[in-house]
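First comes the structure, then the notes that go with it.
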């Protein structure tokens, strides 16, 4: 088995406890785990009761001293937050220790600097758990797609919002009811904004796109973001009638000019597309690449066990390479033409609005869309006998800026009683 | 880029042509491809017209001399067959050349010997393309599941049969019609037996299980095998009414006593299971492991481009390790309690039979099943006004040997007009 490898664990919440359970019970797992020693665990509060059995001699509130322990060669950060783990990981890398982290919020903000620091110190920083928890995505993208040119990575990368949307579709819950249930089940936080507003998905697609396209991490404000809180149960029903499921998708799509289209928003997904069937708290990522075609990775995107699985797999892969020091590669943007502004995205749209029941109402809206270059696939008048006609419209592929100017004109017109929603639809082939 | 790496390609069919297209057009793919030189291509018949542009100076009918060329350090075998590639790969390994092959039939028969030969010569043999074509399965299993104990690998690993079953379900084609269509589209061979009888799936699950459980390759005759040719359109319809899709599944399932249950047969898959939605020529493998849970890999299981993608990814991974010679690990069965006989498998069953319309017919069959310890989940009488009642039965989990003895008694009894089919159902939780 050769040398012993000392590991420090920073954080003992759900994921940290999962990591301890794996490390302390190595039989039947990868042989290399048997040469790993858990040197110590840093926690915020020693007095807090713990669900895992770990002796008090290995628990400390002093993360920095634990990291500096010369027996430690790999530091696992699963404490959460941004600034505190940032300082600790910096220190670990400066000391020449390898780092494994599940912290997408940290990486999306300081990743590029940490990658450079790892390279300068000839150590590795690994973060498979940061995207889609237990699903192997980053490692397969790096190791199994080398023959390909990746054209897109599109995923359901947030389990909370997918749980909410699934309950709306399957059980006709309103958004607020589904959110309350997700909170009571522990799928959503008391303050759910990071999930429902799409921030978590935005951080994940930043990391995923950098691996898929071998580019430096993008700035978060380059990624268009829209959450799910405006999705009405009626939209979910109309979408089903039209043959779609509504999902919060994260997109990283290479354009023909080389620019990358990065965005997060609710999307109508045709029922024959594999992502339409990813339900509940599950995650999935579909990679399109030439020549392999369409590959989907599917599994649990969060949870202590799955996330710990990805963290410890990273530890094992570092152990495997410890005998052969490998430099971390830091992606550099050579001849990269940049990210695509949201206004230039071409996609289909689903539009729902309420119109005054005047003669020629469909013609009126049809003319406005046509004037702005928006071609319609279908327009259906629902509830025709009520006081306001509800119109459900699906467009062909259209440039986002044209759609926005068409909607501006519609909002100013006299036929519109109430604008309800505009949701993007997966584009035509 | 450092040293040049010479590659020899044996075979220039669909997959071989895909490999040439990738190697000769490396820009935009993994950087390491740019240090790979395609030294030569061995073909069976030089006079045959080719779809890829490759100069005659690099084409030869003499595979052995090409392999022996000292410029060649990696040999790619995509010629098909068993005995000829076996001899060529042996020679390559003996000469200290790395080998990449997509040849499942060869590996399932001679793999263990070739792995030992590779280890003795300190070279690698890689075969990602042998299981599920373009879908990365073997590499992620080896690299991303180390923290886990794998409990099962279950997959749709044959695209031909999945295409046939999908057409039966979606378009109400009879088996023979769907097969004929698959043949005309090139999805099935003129002699379709290797696909429809389950041999191809049997070879793939042998390879997949050896990687999932880190065991030597099993003998093919240890793997129970049943094909799809007995599936009637009526079974597909009844299965749909009961909430199932019929799929040809390959199983590798670890039992609590450590034995591995290996088998290939048509299976009723509940519509809420992700494998039920894998349609057409697509493949998918679901890995269950502790603590990660259920992970699915989905994508194109065959075809020139996807298979070539996996072959070339193996070449890239060999290039990545060439600077650091790694010994191929040959799995050894330490304390392995063996494979599970089919009679000891516990699963649910779907049974369809025609009975004479006599009083007490349901009670008659119910008693026989009960006598043999077979507990029923449902029994439905279809076509009750015809001359023969058709009975559709779903059992709870039952031991296969008990089911067989119950069916033997039913076949001998006077109530049975015609025994139609018995298809296994994915077991209860």
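Every read-out reported here was derived from the displayed coordinates using simple, explicitly stated rules and does not represent laboratory data. The shown structure was predicted, so the numbers you read here are calculated from the model rather than taken from an experiment. Cβ: placed from backbone, ideal geometry, glycine included. Neighbour counts: every protein chain shown.
In the protein assembly as shown, helices alone account for a calculated mean residue ellipticity at 222 nm of -10500 deg cm²/dmol, with every DSSP H run of four or more residues adding -39,500 (n - 2.57).
So how tilted is helix B:361-371 from the main axis of chain B? Cα-based, degrees 0 to 90, rounded to 10. In chain B, helix B:361-371 runs at an angle near 60 degrees to the longest axis. Between residue A:176 and residue A:396, the contour length at 0.36 nm per residue exceeds the Cα-Cα span by 76.1 nm.
Using 1/(1 + (r/R0)^6) with R0 = 60 angstrom and r between the beta carbons of residue B:334 and residue A:364, what's the FRET efficiency to the nearest 0.05? Can you show the working numbers first?
Values: r = 77 Å, r/R0 = 1.28.
In this case the efficiency is close to 0.20.
Taking the centroid of alpha carbons for each part, region B:247-286 and region A:103-155 are 31 Å apart. Over the C-alpha atoms of region B:138-300, the Rg to Rh ratio, Rh being the Kirkwood estimate, stands at 0.98.
The length gained by stretching the chain between residue A:94 and residue A:69 to full extension, at 0.36 nm per residue less their Cα-Cα distance, is 7.7 nm. Quick one: helix A:159-171 against the long Cα principal axis of chain A, what's the angle to the nearest 10°, folded into 0 to 90? In chain A, helix A:159-171 runs at an angle near 40 degrees to the longest axis.
Report, please, the projected area of the protein assembly as shown averaged over directions, based on the convex hull of its C-alpha atoms, in nm². Each step should come with its number before you reach the end.
Numbers: hull surface 161.9 nm².
Across all orientations, the protein assembly as shown yields a mean hull projection of 40.5 nm².
Comment: the Cα-to-Cβ extended label point of residue B:151, at 7 Å, lies 3.9 nm from its counterparts in the other copies, nearest first.
Computed over the Cα atoms of region A:49-158, what is the convex hull's projected area averaged over all directions, in nm²? Mind showing how you got there, number by number?
Working: hull surface 36.6 nm².
Taking the Cα atoms of region A:49-158, their convex hull projects to 9.2 nm² on average.
With the simple spin-label model, which puts each label point 7 Å out from Cα in the Cβ direction, the residue A:119 to residue B:220 separation comes to 4.9 nm. Against the main long axis of the alpha-carbon atoms of chain A, helix A:175-184 sits at an angle near 20°.
Footprinting exposure proxy ranking of A:17, A:375, fewest other C-beta atoms within 10 angstrom first, gives A:375, A:17.
Kindly list the residues of region B:385-429 that lie in the label zone of residue B:255, defined by a backbone N under 13 Å from the point 7 Å along the Cα-to-C-beta vector. B:399-402, by backbone N distance to the label point.
List the relative contact order of region A:200-343 as a percent without decimals, with contacts defined as Cα pairs under 8 Å and 6+ residues apart.
On the way: 170 pairs, mean separation 34.4, N = 144.
It rounds to 24 percent for region A:200-343.
For the protein assembly as shown, DSSP calls about 70 percent of its internal beta bridges antiparallel. A Stokes-Einstein calculation at 20 °C with viscosity 1.002 mPa s, built on the Kirkwood radius of chain A over Cα pairs, returns a diffusion coefficient of 92 µm²/s.
Please give the Cα centre distance for region B:358-413 versus region B:166-241, rounded to the nearest Å. Cα centroid to Cα centroid, the span is 27 Å. Taking a ≥ b ≥ c as the square roots of the Cα gyration tensor eigenvalues, with a/c under 1.5 meaning rounded and otherwise prolate when a/b beats b/c, else oblate, which class fits region B:237-297? Taking the square roots of the gyration eigenvalues as a ≥ b ≥ c, region B:237-297 is prolate. Computed from label points 7 Å out along Cα-Cβ, the spacing between residue B:82 and residue B:25 is 3.7 nm.
On the beta carbon distance between residue A:229 and residue B:151, with R0 = 56 Å, the FRET formula returns roughly 0.90.
With label points defined 7 Å past Cα in the direction of Cβ, position residue A:193 shows copy-to-copy spacings of 6.9 nm, given to one decimal and shortest first.
Along the Cα-to-C-beta direction of residue B:420, a point sits 7 Å from the Cα; which residues of region B:350-367 have their amide N less than 19 Å from that point? Residues B:350-358, B:361-366 fall inside that zone.
Please compute the contact order of chain A in relative form: average sequence separation of alpha-carbon pairs under 8 Å and at least six residues apart, divided by the residue count, as a percent. Walk me through the numbers on the way to the answer.
Numbers: 899 pairs, mean separation 70.2, N = 429.
It rounds to 16 percent for chain A.
For a quick check, take a GNM of chain B with Cα springs below 10 Å and name the residue from B:29, B:122, B:193 with the largest mean-square fluctuation. Ranking B:29, B:122, B:193 by mean-square fluctuation puts B:29 first. Label-to-label distances for residue B:45 across copies, nearest first, come out at 7.9 nm, using points 7 Å from Cα in the beta-carbon direction.
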